[in-house]
1. Can you work out which of the residues in region 125-171 that are charged (D, E, K, R), within 24 Å of residue 111 (Cβ to Cβ) and not in a helix (DSSP H, G or I) is modelled with the highest pLDDT?
2. Has region 78-90 got at least one residue that is charged (D, E, K, R) and over 13 Å from the mean Cα position of the chain (by Cα)?
3. For region 44-77, give me the residue count where each residue is surrounded by fewer than 17 Cβ atoms within 10 Å (Cβ to Cβ) and polar (S, T, N, Q).
4. Residue under question is residue 117, and the condition is that it be of a type in the set (A, V, I, L, M, F, W, C) and either assigned to a helix (DSSP H, G or I) or under 16 Å from residue 53 (Cβ atoms) (or both); does it hold?
5. Which members of region 93-112 meet the condition of being out of contact with any Leu (no Cβ under 8 Å at 6 or more places or on another chain) and not aromatic (Phe, Trp, Tyr)?
6. Tell me whether region 124-134 contains one or more residues that are surrounded by 15 or more Cβ atoms within 10 Å (Cβ to Cβ), of a type in the set (Val, Ile, Thr), touching a Ser or Thr at 6+ places or on another chain (Cβ under 6 Å) and under 21 Å from residue 148 (Cα atoms).
7. Would you confirm whether or not region 148-162 contains a residue that is β-branched (Val, Ile, Thr) and farther than 17 Å from residue 52 by Cα?
8. Taking the options 118, 169, name whichever one is open to solvent by 40 Å² or more (accessible area, probe 1.4 Å), basic (Lys, Arg) and touching a Ser or Thr at 6+ places or on another chain (Cβ under 8 Å).
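The values are calculated or read from the model by the stated rules, or taken from the named source; none is laboratory data. Quick caveat: nothing in here was measured; it's all calculated off a predicted structure. A quick note on method: Cβ atoms are made from the backbone with ideal geometry, for glycine too, and the neighbour counts reach across all protein chains shown. Ligands, DNA and RNA are excluded from the accessible area calculation, which covers all protein heavy atoms including side chains. Shrake-Rupley method; radii C 1.70, N 1.55, O 1.52, S 1.80 Å.
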Amino acid sequence: MNSFCFSCRSPIQDRQVYCANCGARQDEAIGLVAPNPAALPPAGVLLRCLAALLDMVVIFLIGFAVALPLGQTSGDGFELKGFGALLFWIIIFAYFVILEMQWGATPGKMLTGLKVLKIDGQAAGLREAVIRTASRVIDYFFLIGVIIMVTSSKNQRLGDLLAETMVVKRS
């Protein structure tokens, strides 16, 4: 028996997971669940770098906000030490984990129209967000993340490969 796609109303076979026409995942109980990741283009390396640059502006402002009440600012900027540095790193870790888990994107990704998804097209959860965030240390070291992205067919950095995620352009 044939049925119809919840998204585009094209005919689909029973038990067909993805619509051949629009790529939407089918689930009779709740309707449209998630896009087929193959139907969404992976975000380009330059767009991902722009998103990261925008996030770095936000991170700088967070660092300044942490340094200011601790008296760790100067005419040249700020230098976090001790408790201030620890607090800053905890906030930054939480920044990436919470935003990518809750909305699938940090402000940089939101502004550039990007979103983090699991490889199967579902939203990234706590596990994926923690793995992606923890691996940023390696990804930023000597631009390893960019090098891996350029060689990956889906423009995935090490964190994406480990977390089984990809960054896509929002549809």
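1. 157
2. Yes, region 78-90 has at least one match.
3. So the answer is 2.
4. Here the answer is no, as residue 117 does not meet what is asked.
5. Within region 93-112, 94, 98, 99, 100, 102, 109, 110 qualify.
6. no
7. The answer is yes; a qualifying residue exists.
8. Exactly one of 118, 169 is open to solvent by 40 Å² or more (accessible area, probe 1.4 Å), basic (Lys, Arg) and touching a Ser or Thr at 6+ places or on another chain (Cβ under 8 Å), namely 118.
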